[in-house]
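First up is the structure itself, then whatever we jot down about it.
Nothing in this text is a laboratory measurement; each read-out follows from the coordinates by a stated rule. Since the structure is predicted, the reported quantities are computational estimates derived from the model, not experimental observations. Ideal geometry is used to build each Cβ from the backbone, glycine not excepted, and the neighbour counts take in all protein chains shown.
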Amino acid sequence: MDMSKYMGIFRAESEKNIKELSDSLLVLENNPENTEHMNTLFRAAHTFKGMSATMGFKQIVELTHEMESLIDRLRTRQIVLNSSLIDVLLVCVDTLEGLVENICESEGDKPEKGKKVTANKCEFYPDVYEVIKTLREVNDSSEKVSIQRIENKLLPAKKKTTKEIYQPEKEEKTPVYPKSSPKVKIVQNPRISTEQLDKLMNLVGELVINRSRINELTRNLKSKELEVALSDFHKLTRELQDEVIEARMVPLDHITYIYPRMIRDLARIQNKKIDFIIKGKELKLDRTILEEIGDSLVHLLRNAVDHGIEIPEKRVELGKKENGAILITASRQENFVLIRIEDDGFGIDTNEIRKIALKKGIISRESAEQLQEEEAMQLIFTPGLSTSDNVTDISGRGIGMDVVKNRVERLGGSVKVESKPGLGSSFELKLPLTVAVYQAILVRVGKEKYAIPFTSIVKNIEFSSQEIKHIKGREVILIDNKILPLFRLRRQFQLPDDDDENNIFVVLVEKHGQYIGIVVDELLGKQEVIVKSFKSKLLGNTRGFAGATILGDGNVILIIDVNSLI
């Protein structure tokens, strides 16, 4: 397969990963105990490796694999992070930057307009073989090591030629990794960029908001001519909005077409036989969503191959077909999309998950004994938890599932997992069709109005306050013969309870396969809202809200993010 057309994407993603590596190392040098940046450092190296493997850049794969192993030893406290190890890893980052620049230059890929690049920027950089050799010495050490500064050891070497980059020396014994982890984050249209579409969508949103305001202002005026004009205006703005949304939509096949090759390579390296099927790949999603979920789908597929599907001999012994099966199914339900990844392999044993979580100190023994089946299943999304005894180039380090969960929820979606030991597993991603426009229900809490996206809502119910019960001090209610916990937004927003409350309004939402009733003061009806993301860092870190929207009367209301609020 000709991968040269993906060099622009490779460059952009490489620059992003290099920046994350460098920034995290600088933070860790002053604060070695910073778990967040240690995990970011590890994920960046892991992602870089998978992307480079897909493109066939062996030297980068070898280097990032050794970096990954070193970082894993650091975060599991097998060795202590010190300035010398920071030096080693920064030299690795410099080497990666040089390799990427050399590869892109040899392929004729030019930086994006506006970026400044020095002509001799990559004339010299550390020798990749010396860097890999140094990393292996550290990783092969069986005890805690203290490495002296290595600036003199890893002297800059002359810039490698294209041939040297693509064809390492024959005597090297490091295994060649398969092209097994395609990197999707930018989907670009050759005629119009994602940024331009975002700006156009924002302008259309402003137009829709102003249309609603005009309707509000002229509601009491009895003019047939005005009514006709407003009706035409409404129709035109609606058509314009639909066209812009459609322009943002990209078929799922835009990212899934490379997956069959990935599954094939992974199956071969593990001596497995797998039938891989994709259904619904013609379904369209917002390109911003595709950019975000591409890596998540890769993580789920790699886990299905490595953890899920058994080797042929084992499958026959268990009475299964020799060939395992992995299926991706995409379907549309109202205003959201369901993407399901299924396999007929080992399945997930929640008892084993409890044991591993307990062993790693993720949960206490008391918590492990009290966890329900659904709650135990959710532990697979914990960073660092893996059910695999061996670390391979495919998986086993306990990363990926937390990334899947965080990315999907950041988009306003959710992840649901189902599994039966011995029969297989299923992961269902529920995603909005577009991140620009939400179908939402408006609610009132106190004197304020809020919007709750439909992607989280199961149904709305009205109850008598007398039907509320208490279990261990927590409010619950019986719905369809199931006891469901209640979550009061009044208390979350630190408002006093309503003493005159007779009936309660409940918005039933789903989170991780569990149902929770959100109690509000009033249901105001369904409405399409134009999403305004928070631009400032202060607001962007506000927990519980996905953004804001403007109503027809000019009032600004917040959009509730159910996943982060509860």
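Between the amide H of V337 and those of L431, L433, distances stay under 5 Å, these residues lying 5 or more places away or on another chain, with hydrogens modeled in the peptide plane. Listed values for the stretch 438-454 are Karplus-derived 3J(HN,Hα) couplings in whole Hz (6.51 cos²θ - 1.76 cosθ + 1.60, θ = phi - 60°), namely 10, 8, 9, 9, 8, 10, 10, 10, x, 9, 9, 9, 9, 10, 10, x, 5, and x replaces Gly and Pro. Applying the criteria of a DSSP loop state and at most 11 other Cβ atoms within 10 Å to the trypsin sites (Lys or Arg not before Pro) of the stretch 424-505 yields K447, K472. Please check which bits of the stretch 446-477 a label hung off R490 would reach, taking the label as a point 7 Å along Cα-to-C-beta and the cut-off as backbone N under 13 Å. Counting only backbone N, you get 446-448, 465-466. Taking amide H as placed 1.01 Å from N in the peptide plane, the amide H of K511 sits under 5 Å from that of I516, each at least 5 places away or on another chain. Ranking of F505, F493, F42 by neighbouring Cβ atoms within 10 Å, starting from the fewest: F493, F505, F42. FRET efficiency for the pair Q514 and L207, taken as 1/(1 + (r/R0)^6) with r the Cβ-Cβ distance and R0 = 51 Å, rounds to 0.80.
For the stretch 251-262, backbone phi angles converted through the Karplus equation (6.51, -1.76, 1.60; θ = phi - 60°) give residue-by-residue couplings of x, 4, 4, 4, 10, 8, 5, 8, 5, x, 5, 4 Hz, Gly and Pro being listed as x.
Taking other Cβ atoms within 10 Å as a rough exposure proxy, R302, R136 sort from fewest to most as R136, R302.
Taking 0.36 nm per residue of sequence separation and removing the Cα-Cα distance, the K199/N351 pair yields an extension gain of 49.8 nm.
Computed from the C-beta positions of E375 and N220 and an R0 of 60 Å, the FRET efficiency is 0.65 to the nearest 0.05. Annotation: amide H-H contacts under 5 Å for E310 (H modelled 1.01 Å from N, sequence separation of 5 or more, or interchain): F346.
Could you pull out the GluC sites (Glu not before Pro) across the stretch 243-320 that fall in loop regions by DSSP (anything but H, G, I, E, B) with no more than 14 other Cβ atoms inside 10 Å?
In loop regions of the stretch 243-320 (DSSP not H, G, I, E or B), the sparsely surrounded GluC sites (Glu not before Pro) are E282.
Across the stretch 220-228, coupling constants 3J(HN,Hα) worked out from phi with the 6.51/-1.76/1.60 Karplus curve, θ = phi - 60°, read 8, 7, 9, 9, 5, 4, 5, 4, 5 Hz, and Gly and Pro carry x. Using the structure shown, select from K16/K532; K281/K511; K405/K511 the pairs with a Cα to Cα distance greater than 18 angstrom. From the list (K16/K532; K281/K511; K405/K511), the Cα-Cα distance tops 18 Å for K16/K532; K281/K511. Taking other C-beta atoms within 10 angstrom as a stand-in for reagent exposure, T47, T76, T194 fall in the order T76, T194, T47, fewest first.
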